[in-house]
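S.K.: Got a structure here, written out as structure tokens. Questions coming.
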Amino acid sequence: SDTILHLKLEGVILDGKKFLKQLKKYREDKNVAAIIVDINSPGGVVGPSQEIYMELKKTREEFKKPVVAYSNNLMASGALYSAVGADQILVAPGA
């Protein structure tokens, strides 16, 4: 059965390792049909933000999994940079 993976990107982005480990693990899972990235972050360091962006883009292009970035709180600076790797960015009013 197809499932949607829900990943959280929270807090200051100093190190993307935990997030990227989950993304890389589950994007190869045949049961994962799509990925939602729930973002609540003021941004952070350029390197990890760029790496998250690149891996989200790779997930879409090479693994053919739809990726949606969503925020109902804060998505600024490096968090927005990361989100640009998704197919779509959705934000709640006031975010």
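The values are calculated or read from the model by the stated rules, or taken from the named source; none is laboratory data. Since we're looking at a predicted model, the values are computed, not measured. Cβ placement follows ideal geometry from the backbone for every residue including glycine, while neighbour counts extend to all protein chains displayed. Please note that ligands, DNA and RNA were not included when accessible areas were found on the heavy atoms of the full protein model with its side chains. Shrake-Rupley method; radii C 1.70, N 1.55, O 1.52, S 1.80 Å.
S.K.: Mind giving me the nanometre distance, one decimal, between the label points for Val46 and Ala34, set 7 Å out from Cα along Cα→Cβ?
M.R.: About 3.4 nm, to one decimal.
S.K.: How far is helix 46-61 tilted off the main Cα axis of the chain, in degrees rounded to 10, range 0 to 90?
M.R.: The helix 46-61 is inclined about 30 degrees to the chain.
S.K.: Hey, another quick one. Please give the length that would be gained between Val84 and Lys64 if that part of the chain were fully extended, namely 0.36 nm times their separation in residues minus their C-alpha to C-alpha distance (nm, one decimal).
M.R.: 5.6 nm
S.K.: Can I ask one more? When the accessible area of the chain is split by element with a 1.4 Å probe, what percent falls to carbon and sulfur?
M.R.: In the chain, the share of accessible area belonging to carbon and sulfur is 54 percent.
S.K.: OK, next. Cross-chain or 8 or more residues apart, Cα under 15 Å: how many lysine pairs in the chain fit that? Count them up, please.
M.R.: Lysine pair count for the chain: 17.
S.K.: Output the relative contact order of the chain, whole-number percent, from Cα pairs under 8 angstrom with separation of 6+ residues.
M.R.: Rounded, it is 30 percent for the chain.
S.K.: Of all the stretches in the chain, which is the longest one without any exposed loop site, taking trypsin sites (Lys or Arg not before Pro) in a DSSP loop (any state but H, G, I, E, B) with at most 12 other Cβ atoms within 10 Å?
M.R.: By the stated rule (loop sites, at most 12 other Cβ atoms within 10 Å), 31-63.
S.K.: Hey, another quick one. Leaving out ligands and nucleic acids, and using a 1.4 Å probe, what accessible area per residue does the chain come to in Å²?
M.R.: 58
S.K.: Where is the GNM fluctuation largest for the chain (alpha-carbon springs, 10 angstrom cutoff): Asn73, Asn40, Asn31?
M.R.: Evaluated over the chain, the most mobile residue of the options is Asn31.
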